[in-house]
Amino acid sequence: MSKTSRPRRSVLYMPGSNARALEKGRSVAADGLILDLEDAVAPDAKEIARQQILDALAQGGYGNRELMVRVNGLDTPWGRDDIIAMSTSGADAILLAKVESADMVRKAKNLMVESGAPDDMAIWAMMETPMGTLHAEEIAFSTSRLGGFVMGTSDLAKDLHAAHTPARLPMLTSLGLCLLAARAAGIAVLDGVYLNLADDEGFLDACRQGVELGFDGKTLIHPKTIAAANAAFAPSEDEIEWSRTIIDAHEEASKKGEGVVVVEGKLVENLHVENARRLVALADRIAEMEAEAGQ
């Protein structure tokens, strides 16, 4: 399975210091959860939050949701203990904050290995600083454990002295560099959060833009936005039907030794079929996940 084949339409941040949030995470319809030890947790609650996340993961009950734990940086008093503890926690991945170099990723990977992390435990990188964005390519190829990027657009906008505009024009260069690096490395990439929970239409516009740019899904700060993100980042019925149609047509053409085929007046080549297969596989996996969850 490739690193981008798992549905990640909606990935919800859950503060590790909030026991009720950790419990609610077992029932929300998000594809993934980020159990947070970093920005969402006050300094005096860091150790309590770490233990609460460990207890929640040990208890289980999160179904097929992808579980990441965002740890504090290794340059903080808590980062090393966070990584050691989470390496054998049962989480799917450790999410590193404010990654700015491949070396930062490799140091975390080495500590995970020393701490007994299983081979299939991934590392994800928060891309939220100008330096990190400029080093996106080297970070993307830093280790085979790297599963993806999470855009930290709030911190990035602050550091860039950029405005939060509806079209996110000040952010497009940074978003594009990280998307290019992620796709070159074959890893996933998640869009940043939308902060105005009262602006439903603005959130929908941000999701539509994220889809157009090529993100795999969106990180979220409230469960009320999950359904909209799931709908936006899932292939539509029309896309699925068209994908199946061109896959079948191309297969028939291939049997005749033809590399291209015209379907409903549109030229279909292998590159179109590759994307069609990706969409159909994603749709099938979403259907499987929803069936498993009883949705």
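The values are calculated or read from the model by the stated rules, or taken from the named source; none is laboratory data. Values in this document were obtained by computation on a predicted structure and should not be read as measured data. Virtual Cβ from ideal backbone geometry, glycine too; neighbours counted across all protein chains shown.
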Under 6 Å between Cβ atoms, which residue pairs at least 6 apart in sequence (or on different chains) link something in the range 149-169 that is closer than 19 Å to Ile221 by Cα with a partner that is of a type in the set (D, E, K, R) and surrounded by fewer than 16 Cβ atoms within 10 Å (Cβ to Cβ)? none
Of all residues in the range 137-155, which are in contact with a helix residue (DSSP H, G or I) (Cβ under 8 Å, 6 or more places away or on another chain) and either under 12 Å from Val99 (Cβ atoms) or among the small types (Gly, Ala, Ser) (or both)? Glu138, Ile139, Ala140, Ser142, Thr143, Leu146, Gly148, Phe149, Met151
Residues satisfying the stated conditions in the range 220-258, i.e. polar (S, T, N, Q) and either in contact with a helix residue (DSSP H, G or I) (Cβ under 7 Å, 6 or more places away or on another chain) or more than 18 Å from Met289 (Cβ to Cβ) (or both): Thr225, Ser243, Thr245, Ser254
Where the second residue is charged (D, E, K, R) and surrounded by 11 or more Cβ atoms within 10 Å (Cβ to Cβ) and the first is farther than 15 Å from Ala253 by Cβ and lies in the range 264-279, which pairs have Cβ atoms under 8 Å and are six or more apart or on separate chains? Leu279/Glu239
If Arg50 satisfies every condition in (1) within 21 Å of Ala229 (Cα to Cα); (2) buried (at least 19 other Cβ atoms within 10 Å of the Cβ); (3) out of contact with any Lys or Arg (no Cβ under 9 Å at 6 or more places or on another chain) but one, which is the exception? (1)
Of all residues making up the range 10-24, the number that are buried (at least 24 other Cβ atoms within 10 Å of the Cβ) and assigned to a loop (DSSP other than H, G, I, E, B): 1
Mind checking which residues of the range 1-43 are of a type in the set (A, V, I, L, M, F, W, C), within 23 Å of Ala181 (Cβ to Cβ) and modelled with pLDDT of 95 or more? Val11, Ile34
Restricting to strands (runs of 3 or more DSSP E) lying wholly in the range 180-295: which have 3 or more residues that are surrounded by 19 or more Cβ atoms within 10 Å (Cβ to Cβ) and not small (Gly, Ala, Ser)? 188-191, 217-220
